[in-house]
Amino acid sequence: MSYFDLWFAFLFVPVVVLIFLLVPKKAKPYILLFASYAIFFMVSNFLIIFLLLSTISIFLAGKKFKKLDGEKAKELEKEDIDKKLIKEKYKKKKKHILVLVILFNISFLFVFKYLKFFTINLNAILKVFKLEELSIISLIAPLGISYYTLKAISYVVDTYNGKIEADDNFVRLALYVSFFPQIMEGPISTYSETAEQIYNASKVTYHNFCYGYQRILFGFFKKLIIVDRLNILVKQVFNNYMSFNGLSILIGIISYTMLLYMEFSGTMDVVLGIGDIFDIKIPENFRQPFFSKNITDFWSRWHISLGHFLKDYVFYPVSLSKPLKKLSVSLRKKLSAHYSSLIAGGIALFCVWFLNGLWHGAGWPFLFFGMYHFVLILMGNIFEPLIIKICAKLKINRESKKYYGFQIVKTSLLVFIGEMFFRADTVRDGLRMLKIMFTKMFVLSKNEFYYFGLDMFDVALIFIGLIVVLVISILKENNVNVRDEVEKKHIIVRWAIYYLLILSIIVLGAYGPTYAPVDPIYADF
Amino acid sequence: MDKLIEILEELQPDVDYNTCEDLVDGRHLDSLTILSLISEIENEFDVEVPTVEIIPANFNSAKSIYALIEKLKEE
């Protein structure tokens with residue numbers, strides 16, 4: 001299933017909206033929960049039991065934390081007691097529960113996503129020692145397990161830290177974990193960002209309905225005009241890269257990055273559009289990533305919710321853990337604040353990027369992808385003071401538009417290479433493609449005379465589609481919200497734009513046997 | 001407060017800390033800079049910054065960082 005299935009966006013969503021409007025306010029959250037579980041059940045059948053187990057586990061953990069906090073407060077009221085000791089005692093109790101619940105949730109993720117990869121690699125080691133190999137088990141994972149597990153962990157950690165109060169309402173928590181627009185591909189919102197909003201959603205106005213569908217249609221535009229066409233080119237290049245020159249491979253990897261961006265951000269347009277219909281503000285997952293100054297900036301604009309999760313629940317807890325703090329303090333005597341923090345931060349960054357790679361998939365290319373970004377970010381931070389000095393000496397204005405342009409091109413090229421490894425079948429294939437780009441950039445072969453399996457019409461439509469998205473992105477980067485601007489226009493102009501969008505999707509969309517629609521890429525992670 | 005601004009200017013000189021109110025939301029301070037900042041604060045003001053306090057609201061301006069330090073001192 002995909003959010004781009006016509007039945008989902010234009011039948012399922014309107015039916016849910018209709019029922020939602022007809023039932024009394026009290027029943028509305030139940031309708032949304034039923035719709036969410038129905039989608040889950042449709043795709044994953046009885047694997048829904050794992051979604052329920054995750055939800056129940058964090059619900060009970062939250063309740064237990066609340067109970068322990070109450071007991072602690074009572075004990076602390078007593079006189080002649082060692083308050084520190086009591087605090088420690090309860091902290092320990094809560095920590096045990098936290099670890100247990102996190103392990104419980106991660107164990108499902110491990111079994112469904114990583115067991116095969118783990119067994120294959122373990123067998124490789126067993127083979128070296130001539131030991132009996134284990135049988136490989138392939139399992140189909142429950143829908144969106146990588147997304148809802150992270151949401152579950154964020155809830156349980158936030159309740160443990162006292163950042164949010166544990167929820168006494170199971171329906172609200174279950175809805176937060178499984179909300180149907182978010183279940184397949186995120187965004188991985190925190191409990192405080194969406195739980196209340198979803199539970200309290202009470203109306204669908206005509207304005208919200210149009211405003212939401214406007215964005216949903218834009219997502220379809222990206223998918224049907226651009227993604228399904230680019231897919232042909234990308235497949236040609238990646239499947240037969242040995243028969244292309246460096247320039248064609250460069251075009252292939254740029255196209256793949258565009259495909260990935262259009263597919264994922266287009267899906268987010270559908271997701272956030274559905275949120276808009278119900279007046280639920282689901283957090284944005286993208287912010288014009290190709291206007292980034294450096295890789296750190298890129299990752300604050302691309303898959304934002306995953307970056308936030310890893311920052312809040314991995315980076316800071318690891319870098320501020322007792323052993324790393326001790327290390328920082330001892331290093332401070334020898335190094336400057338920048339470098340002493342960089343070492344502790346570097347270790348935490350390694351964990352973040354190792355997990356980022358692993359989260360994307362159980363395979364060496366994904367781990368390589370993670371490590372590639374770790375090295376780039378670390379290098380960027382190590383050399384930053386040096387670059388500032390060099391720019392000052394050469395009198396380069398780091399605030400100038402020219403310098404920003406240079407930064408954008410540099411960052412984009414690094415991103416394209418990263419995504420090349422991400423898409424390549426093996427790390428070796430990626431390295432070979434890189435080699436061709438460096439050694440045979442302009443060597444012509446007969447393959448270069450084809451349009452990578454596309455005709456001129458397809459190429460023209462891809463360009464037009466990309467230009468439309470680029471113009472909207474430039475406006476957004478300059479704080480102009482195109483959707484709000486369209487809203488302000490006269491009804492005739494407004495509807496002319498809507499019809500143009502609908503017609504372009506119907507007439508110019510990539511339909512038919514020539515095009516193989518791209519499966520939802522991020523739903524597999 | 002002066003000491004805090006001195007620390008901030010040393011870590012990231014391109015910002016006016018007396019007026020800026022979106023240090024995190026405006027992406028003037030990235031995670032590694034915040035980490036250096038926490039290390040400096042803990043060293044200078046003899047407090048411990050728990051991870052739960054690392055939220056944009058606490059780090060968006062020099063004023064809010066100072067308020068956090070004051071709060072942690074009291075604890």
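Coordinate-derived values only; no laboratory data. Because the structure is predicted, anything quoted here is derived from the model rather than measured. Note that each Cβ is placed from the backbone with ideal geometry, even for glycine, and that neighbours are counted across all protein chains shown.
Some points to look at:
- Gain in span if fully extended, residue A:130 to residue A:92, counting 0.36 nm per residue against the direct Cα distance: 9.3 nm
- Here the stretch A:410-424 is scanned for amide nitrogen atoms under 13 Å from the site 7 Å beyond the Cα of residue A:431 along Cα-to-Cβ, giving none.
- Classified by the C-alpha gyration tensor, the stretch A:126-219 has an oblate form. Its axis ratio a/c, with a ≥ b ≥ c, is 1.5 or above, and a/b does not exceed b/c.
- FRET efficiency for the residue A:73 to residue A:42 pair, using the beta carbon distance and R₀ = 41 Å, is estimated at 0.35.
- Label-point separation, residue A:407 to residue A:464 (7 Å along Cα→Cβ), nm: 3.6
- Which of A:130, B:73 has the fewest Cβ neighbours within 10 Å, and the rest in rising order: A:130, B:73
- Ordered by the count of other Cβ atoms within 10 Å of each Cβ, fewest first, A:388, A:48 give A:388, A:48.
- Contact order normalised by residue count of chain A, Cα under 8 Å, 6+ apart, percent: 19
- Relative to the current alpha-carbon distance between residue A:110 and residue A:497, full extension at 0.36 nm per residue lengthens the span by 134.6 nm.
- In chain A, helices alone account for a calculated mean residue ellipticity at 222 nm of -23000 deg cm²/dmol, with every DSSP H run of four or more residues adding -39,500 (n - 2.57).
- Cα-centred dipole magnitude for the stretch B:2-74, charges only on beta-carbon of K, R (+1) and D, E (-1), debye, nearest 20: 200
- Taking a Cβ cut-off of under 14 Å around residue A:462, the surrounding Lys, Arg, Asp and Glu residues balance to a net charge of -1, with basic ones at +1 and acidic ones at -1.
- Span-like helix check, chain A: qualifying full DSSP H segments, with Cα axial length of 30 Å or more and mean Kyte-Doolittle of 0.5 or more, are A:246-277, A:337-360, A:364-393, A:456-477.
- Take the Cα of residue A:383, step 7 Å toward its Cβ, do the same at residue B:22, and the gap between the two points is 3.1 nm.
- Stokes-Einstein D in µm²/s, Kirkwood radius over Cα pairs - the stretch B:2-74 at 37 °C with 0.692 mPa s viscosity: 272
- Of every Cα-Cα pair in the protein assembly as shown, the percent that sits beyond 30 Å: 60
- The stretch A:215-334, dipole about Cα centre (Lys/Arg Cβ +1, Asp/Glu Cβ -1), debye to the nearest 20: 920
- The simple Förster model, with R0 at 22 Å and r as the Cβ-Cβ distance, assigns residue A:85 and residue B:71 a FRET efficiency of 0.40.
- Calculated translational diffusion coefficient of the stretch A:25-202 (4 °C, 1.567 mPa s; Stokes-Einstein with Kirkwood radius over alpha-carbon pairs) equals 71 µm²/s.
- Charge-dipole axis of the protein assembly as shown as Lys and Arg at +1 and Asp and Glu at -1 on Cβ define it, positive-most pick from A:184, A:288, A:126: A:126
- For the stretch A:136-141, putting each phi into the Karplus relation 6.51 cos²θ - 1.76 cosθ + 1.60 with θ = phi - 60° gives couplings of 8, 10, 9, 10, 8, 7 Hz, in residue order, rounded to whole numbers and with x for Gly and Pro.
- Packing-based exposure ordering (other Cβ within 10 Å, fewest first) of A:467, B:54, B:5: A:467, B:5, B:54
- Dipole magnitude of chain A about its Cα centre (Cβ charges: Lys, Arg +1; Asp, Glu -1), debye to nearest 20: 1900
- Normalised by residue count, the stretch A:351-489 yields a Cα convex hull volume of 208 Å³ per residue.
- Neighbours of residue A:196, meaning other residues whose beta-carbon lies under 14 angstrom from its beta-carbon, give a summed charge of -3 when Lys and Arg score +1 and Asp and Glu score -1.
- Loop-resident trypsin sites (Lys or Arg not before Pro) (DSSP state other than H, G, I, E or B) in the stretch A:325-429 with no more than 10 further Cβ atoms inside 10 Å of their Cβ: A:333, A:334, A:395.
- The stretch between residue A:192 and residue A:18, if pulled fully straight at 0.36 nm per residue, gains 59.9 nm over its current Cα-Cα span.
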